[in-house]
Amino acid sequence: MRSALAAVACVAALGCSYHFTASGPGFPQGIQHVSVPVILNRTTEPGLDAVFTEALREQLSRTGHLGGQGSDGRLEAELIAVTAGVAQLAPGTSGALTYRISATLRVRLFKDGTLLATTDVAGSEDYLPALRADVITTEANRQAALRRLANAIATDAIARLSTG
């Protein structure tokens, strides 16, 4: 009987669009919601501003702290470096077995125009080349690695700025 009642309560809660949000540690000076404008991309690699902005917003959304205009906090970020190269050579050849892409993101947390915290976050991610000479597949693997890297750096940046 109790399990049936619990199931009905869950269905009713879901039916009225009620949902649970994970709560992460807070930010300095009681900041509850943080807006994230599009980051500055200081690298020569186009399009990474969108990838890293999306990763930061997603991480804040997961912790229930993402806000829009009028939020009590603002997170500004700039991508200051991206490098890529061969991580491991295939034995007996001059071909790459794996590639590595690295990035550094500088993030700053503001409240009412006052800088509260700043940190530089760096990371790297490996990816595989295509099995055959296929530039499109290798580039798709590289783009997937960039998204994973952006998510890892965003998670680290939010954790560093949080007060928990």
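The values are calculated or read from the model by the stated rules, or taken from the named source; none is laboratory data. All values reported here derive from a predicted model rather than from experimental measurement. So basically every Cβ, Gly included, is an ideal-geometry build from the backbone, and we count neighbours across all protein chains shown.
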Open item on the list: Just to be sure I understand, how many residues within the stretch 62-81 are under 18 Å from Arg148 (Cα atoms), surrounded by fewer than 19 Cβ atoms within 10 Å (Cβ to Cβ) and modelled with pLDDT of 95 or more?
Closed with: 3
TODO: Kindly indicate which of Gln69, Gln59 is closer than 26 Å to Gly30 by Cβ and in a loop (DSSP other than H, G, I, E, B).
DONE: Gln69
- [ ] Could you please give the count of residues in the stretch 84-109 that are farther than 20 Å from Ala140 by Cβ and under 19 Å from the mean Cα position of the chain (by Cα)?
- [x] 6
- [ ] Run Gln143 past the list (1) loosely packed, with under 15 Cβ neighbours inside 10 Å; (2) under 18 Å from the mean Cα position of the chain (by Cα); (3) not in a helix (DSSP H, G or I) and report the number of the one that doesn't hold.
- [x] (3)
Task: Single residue of the stretch 113-142 satisfying the filter (of a type in the set (Asp, Glu) and free of Cβ contacts under 8 Å to residues at least 40 places away in the same chain) that is nearest to Pro37 (Cα to Cα) - done: Glu125
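Quick grid of which residues meet (1) among the charged types (D, E, K, R); (2) over 25 Å from Val135 (Cβ atoms); (3) touching a strand residue (DSSP E or B) at 6+ places or on another chain (Cβ under 6 Å):
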| position | (1), (2), (3) |
| --- | --- |
| Ile31 | no, yes, yes |
| Thr44 | no, no, no |
| His65 | no, yes, yes |
| Thr83 | no, no, yes |
TODO: For the stretch 26-40, name all the residues that are hydrophobic (A, V, I, L, M, F, W, C), closer than 13 Å to Val107 by Cα and either in a loop (DSSP other than H, G, I, E, B) or touching a residue at least 40 places away in the same chain (Cβ under 8 Å) (or both).
DONE: Val34, Val36, Val38, Ile39
